[in-house]
Amino acid sequence: MEKLVVTGKTHLKGEVIISGAKNAAVAILPATLLVDGICVVENLPNISDVKIYCKILEELGAKIEWIGPNAIKIDTRFISCTSAPLDMTSKFRASYYLIGSLLSRCHHAQVGMPGGCKLGARPIDQHIKGFERLGATVEISSGKITAHADTLVGTSIYMDIVSVGATINIMLASVLAKGTTIIENAAKEPHIVDVANFLNTMGADIRGAGTDVIKINGVDRLPGNANYSVVPDQIEAGTFMLAAVASRGDLIIKNCITKHLEPVTAKIVEMGAFVEDLGGDSLHVWCNKRPTKVNIKTLPYPGFPTDLQPQMGVILSTAEGTSIINESIWESRFQYTEELNKMGAHITAQGKSAFFEGVESLSSSPVYATDLRAGAALIIAGIIAEGSTEIYNLEHIDRGYENIEEKFRKLGAKIERVEDTSC
Ligand code: UD1
């Protein structure tokens, strides 16, 4: 087992280049199953979720060639199987996109119940509702979801809950359906637009992605034969922005879409730190004094993203005054607060709210990444704490951040991955 050892009190300084978005990549990879041709996907983050997805696609009959460290050429013309390997699909949440993709392309899908970060109940009723509205039958038994449709027919689908995954999955299922599908109360996250752009580049007809009404005119086939580059990762960019503030550092964040980061920028400025748009695709973020308290409520895009809540929590642990975070998406997203309390933070989490009584500084402790974003938050906590912090459960972090230690190290962080010999 490996652990990270982070030796603190570092003010981060320098430039960081943001990778392709994890949450877009894990939707675009299954979306390639809809393509009856060859396509090239570039700017793929080199993370374990992407590697597992590529293996699953190969098991289904896709031919994948890595043509660079972050680019694949994928040929999905000869898909031979509609059952995804259960042991692999249970490892991460985004395996649910295989249902929409296989249903669309092959009219049949069998996928293990999706795994992923334990953030509380993660129902998929809205996905199922969408598939059934399109004419599919869906059955869940023995830890598997089986979906079947002789024909998928476009219709109007109203989402009872704003769900990123269900919006994308219904989009995938309806691209090759007969007629027009309208998704109302759709989620608007940047990666939804990215998946729609990918599908349109391959030959689909999707309009309105990024708004709450998405219209999909079914087409007979996606011929592919095109290149697509994955959008920069909004959450990775936000993680480094918040790391700059937490460490009272000075960072240039390159290869980001500044518009996607407005909810984070607004809160950083409210705390008394600075964000300068350098034009193009770069942001300058710096902080030269103790941040002041702010209150946060996580919301679907364009609200403050739940996936940046733990990283923000690190700043609020050491900010001046008492801040409140209200988490409205995931019921168990405050598990990281117990780890920060081991490092001297004063946080009380009660149901959907957590109260952060800011302390002067954090101190080192062995801590456990309880999920992916909690892991990133603990790295930031280690960077600003006194002493050497040991972080365990790195598999969570490796799922979603490309070269995270190397990127932080280039900014001056003292961070090493070492074999844990104590177990
Ligand atoms: C995606 C992201 C995840 C992020 C989340 C919210 C991916 C792979 N993961 O997860 O990182 O934290 O968006 O921005 O993109 N819900 C239902 N029924 C459903 C679907 C969802 O009740 O059928 C609820 C969930 O329990 C949650 C809320 O809706 O409370 C939002 O979930 P959703 O947007 O679907 O999250 P994911 O797509 O799983």
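Assess whether LEU134 counts as being at pLDDT below 95 and not β-branched (Val, Ile, Thr). When the stated conditions are applied, LEU134 does not pass them.
ILE99 satisfies every condition listed in (1) within 26 Å of GLY400 (Cβ to Cβ); (2) touching a His at 6+ places or on another chain (Cβ under 8 Å); (3) in a strand (DSSP E or B) except (3). Screening the candidates THR89, THR82, THR146 for the property of being open to solvent by 20 Å² or more (accessible area, probe 1.4 Å), within 30 Å of GLU395 (Cβ to Cβ) and either within 16 Å of the ligand (Cβ to nearest atom) or in contact with an Asp or Glu (Cβ under 7 Å, 6 or more places away or on another chain) (or both) yields one hit, THR146. Hey, can you tell me all the residues within the range 56-79 that are surrounded by fewer than 17 Cβ atoms within 10 Å (Cβ to Cβ) and part of a helix (DSSP H, G or I)? GLU58, GLU59 - these are the residues of the range 56-79 that are surrounded by fewer than 17 Cβ atoms within 10 Å (Cβ to Cβ) and part of a helix (DSSP H, G or I).
Considering only residues of the range 1-55 that are of a type outside the set (A, V, I, L, M, F, W, C), under 20 Å from GLU405 (Cβ atoms) and within 16 Å of the ligand (Cβ to nearest atom), which is surrounded by the fewest Cβ atoms within 10 Å (Cβ to Cβ)? Working first, answer last.
Going residue by residue through the range 1-55, those that are of a type outside the set (A, V, I, L, M, F, W, C) are 2-3, 7-11, 13-15, 19-20, 22-23, 30, 32, 36-37, 42-43, 45-46, 48-49, 51, 53, 55.
Filter once more, so that each one left must be under 20 Å from GLU405 (Cβ atoms): 2-3, 7-11, 13-15, 19-20, 22, 45-46, 48-49, 51.
From the residues that got through so far, the ones that are within 16 Å of the ligand (Cβ to nearest atom) too are 19-20, 22, 45, 48-49, 51.
Values: SER19: 25, GLY20: 26, LYS22: 26, PRO45: 23, SER48: 15, ASP49: 23, LYS51: 13.
The qualifying residue surrounded by the fewest Cβ atoms within 10 Å (Cβ to Cβ) is LYS51.
Checked against the criterion of being open to solvent by 30 Å² or more (accessible area, probe 1.4 Å), more than 16 Å from the ligand (Cβ to nearest atom), assigned to a helix (DSSP H, G or I) and closer than 19 Å to LEU34 by Cβ, the range 201-208 contains one or more residues that satisfy it. In the range 126-143, the residue that is nearest to THR211 (Cα to Cα) out of those that are open to solvent by less than 70 Å² (accessible area, probe 1.4 Å) and of a type in the set (Gly, Ala, Ser) is GLY130.
The single condition among (1) of a type outside the set (A, V, I, L, M); (2) assigned by TED's automatic domain parsing to the domain that holds VAL193; (3) in a strand (DSSP E or B) that ASN46 does not satisfy is (3).
Name the single residue that is most open to solvent (accessible area, probe 1.4 Å) among those in the range 165-181 being closer than 14 Å to SER101 by Cβ and away from the ligand (no atom under 14 Å from the Cβ). Applying the filter and picking the extreme gives LEU176. Scan (1) part of a strand (DSSP E or B); (2) within 16 Å of the ligand (Cβ to nearest atom) for the single condition VAL162 breaks and write down its number. Here VAL162 clears every test but (1).
Could you tell me whether any residue of the range 26-38 is assigned by TED's automatic domain parsing to the domain that holds ALA149, assigned to a loop (DSSP other than H, G, I, E, B) and of a type in the set (A, V, I, L, M, F, W, C)? Even if it seems obvious, please write down each step before you answer.
Applying the first criterion (assigned by TED's automatic domain parsing to the domain that holds ALA149) to the range 26-38 yields 26-38.
Imposing the further condition that a residue be assigned to a loop (DSSP other than H, G, I, E, B) reduces the set to 36-37.
Next cut, of a type in the set (A, V, I, L, M, F, W, C) only: none.
No, that holds for no residue.
Residues are listed down the side, and each one gets a yes or a no for (1) open to solvent by less than 10 Å² (accessible area, probe 1.4 Å); (2) touching a residue at least 24 places away in the same chain (Cβ under 8 Å); (3) outside any strand (DSSP E or B); (4) of a type in the set (Asp, Glu):
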site	(1), (2), (3), (4)
VAL193	no, yes, yes, no
PHE198	yes, yes, yes, no
LYS215	no, yes, no, no
ASP220	no, yes, yes, yes
TYR228	no, yes, no, no
ALA237	yes, yes, yes, no
LEU242	yes, yes, yes, no
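Among the residues of the range 244-278, those that are in a helix (DSSP H, G or I) and touching a residue at least 60 places away in the same chain (Cβ under 8 Å) comprise ALA244, VAL245, ALA246, HIS260.
The values are calculated or read from the model by the stated rules, or taken from the named source; none is laboratory data. Keep in mind it's a predicted model, so treat the numbers as computed, not measured. Here the Cβ is made from the backbone with ideal geometry for all residues, glycine too, and neighbour counts use every protein chain on show. Please note that ligands, DNA and RNA were not included when accessible areas were found on the heavy atoms of the full protein model with its side chains. Shrake-Rupley method; radii C 1.70, N 1.55, O 1.52, S 1.80 Å.
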